[in-house]
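Notes for the one structure printed next.
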Amino acid sequence: MMLWLTFALMTAAAIFAVLWPLARRRAASGGTDVAVYQDQLAEIARDRSTGLIGQAEAEAARIEVSRRLIAAADALPVATPAAGPSPLWRRRATAMAALLLLPAGAAALYLANGSPELADAPLAPRLAAVHQDKSVESLIARVEDHLRAHPDDARGYQVLAPVYMRLGHFDEAVDAFRKILALSGESAERDADLGEALTAAANGVVTADAKSAFDRALALDEHELKARFFSGMAAQQDGNRARAAEIWRGLLAEAPPDAPWIDTVREALQQVGGTPPQASAPVASAPGPSAQDVAAASAMSEKDRGDMIRGMVSQLADRLKQDGSDVDGWQRLLRAYMVLGERDKASAAAADARHALAGDAGKLHQIEDMIKSLGLS
């Protein structure tokens, strides 16, 4: 209440300062000059009668003052009868109207279009937000400058592409992911990332280019989660709801209980009328961490993401200790350990896999091929 009163007083003071001259009566300077010249003529007559000035000087002074008197009298306005209110009254009426109508109009305009109930925004958080925005912009600018000077630096594009995605600069993200593929070669993760960026740039529509990217990713790794999820979206958009439900139900059947993307897949499955698999249903295999898991946890810190991925690897390892017949699970576990740089654990897992699959020549051959490809033999 005190704030509004203060604003009202300030407004009134400002209006008074501007309009006060309109309400004042102007002095008639012409009439004042006539009175002065008349006094001068009387003074000349007194000086001549007392002998202070001679006849010639008195006559010359009287002529000059008379000339000025006539000019001042001619400058006086001619009085005419007023047909309406006096100019002074009109000025004062204008001042009062402005004093009353301007604040009232401003208040009405603010109440109609302003936000009087909006909470205040403290200065410190606003400055912090501006500083953060500038920091992100400066980081992007530095990386872009570096890439202009070193266009073959794949690592620079790997840094920049996820930032573009998070900021919603999807066209720039598509270009960055294409550069990564061109410089680093194809992989399931890189193709899936490109497909995701193409889908985001098309406002959530899985375009033909995006579908091709996901197909390439699945050809390289049929368990690539991001590519599988968006393949379900493509099927849904093509009207094949049954196929979309099949893909997403398969994802849920293989998902660890604490996978961060489970809720997203469940919602998508419900949209096509599918039902999630029963919790008691047997699980054919459990996937290790992949690009989809990392993408789903992109809002986490580096430490939290690392902990999440290692937790999933640990769950997969525990499961394989109970059921070692899943050759795909062993392959994912070996690949995950190598990606994490834990070669000793990969070697130990390779020995466990050989032992668990010793009774199945076909599966043992598959795992031996994987061990050799990873350089663990």
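The values are calculated or read from the model by the stated rules, or taken from the named source; none is laboratory data. All figures in this text were calculated on a predicted structure; none of them were measured in a lab. FYI the Cβ positions are ideal-geometry reconstructions off the backbone, even for glycines, and counts take in every protein chain you see.
Conditions tested, residue by residue: (1) modelled with pLDDT of 85 or more; (2) surrounded by 13 or more Cβ atoms within 10 Å (Cβ to Cβ); (3) part of a loop (DSSP other than H, G, I, E, B).
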position	(1), (2), (3)
222	yes, no, yes
265	yes, yes, no
268	yes, yes, no
283	no, yes, yes
295	no, yes, no
308	no, yes, no
320	yes, yes, no
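Restricting attention to region 346-377, the residues being in contact (Cβ under 8 Å) with a residue 24 or more places away in the chain, in a helix (DSSP H, G or I) and within 19 Å of residue 318 (Cβ to Cβ) number 9. Residue count for region 171-229 under the criterion of being farther than 26 Å from residue 152 by Cβ and either among the acidic types (Asp, Glu) or not assigned by TED's automatic domain parsing to the domain that holds residue 252 (or both): the result is 4. Filtered by the rule that a residue be farther than 18 Å from residue 171 by Cβ, part of a helix (DSSP H, G or I) and not small (Gly, Ala, Ser), region 142-157 gives 142, 145, 146, 155.
Report whether or not residue 191 is part of a helix (DSSP H, G or I) and not aliphatic (A, V, I, L, M). Criteria met by residue 191.
Listed here are the residues, each with its yes/no results for (1) buried (at least 17 other Cβ atoms within 10 Å of the Cβ); (2) closer than 24 Å to residue 266 by Cα.
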position	(1), (2)
144	no, no
148	no, no
155	no, no
160	yes, no
182	no, no
186	no, no
233	yes, yes
236	yes, yes
240	no, yes
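Scanning region 351-377 for residues being among the charged types (D, E, K, R) and closer than 9 Å to residue 327 by Cβ gives a total of 2.
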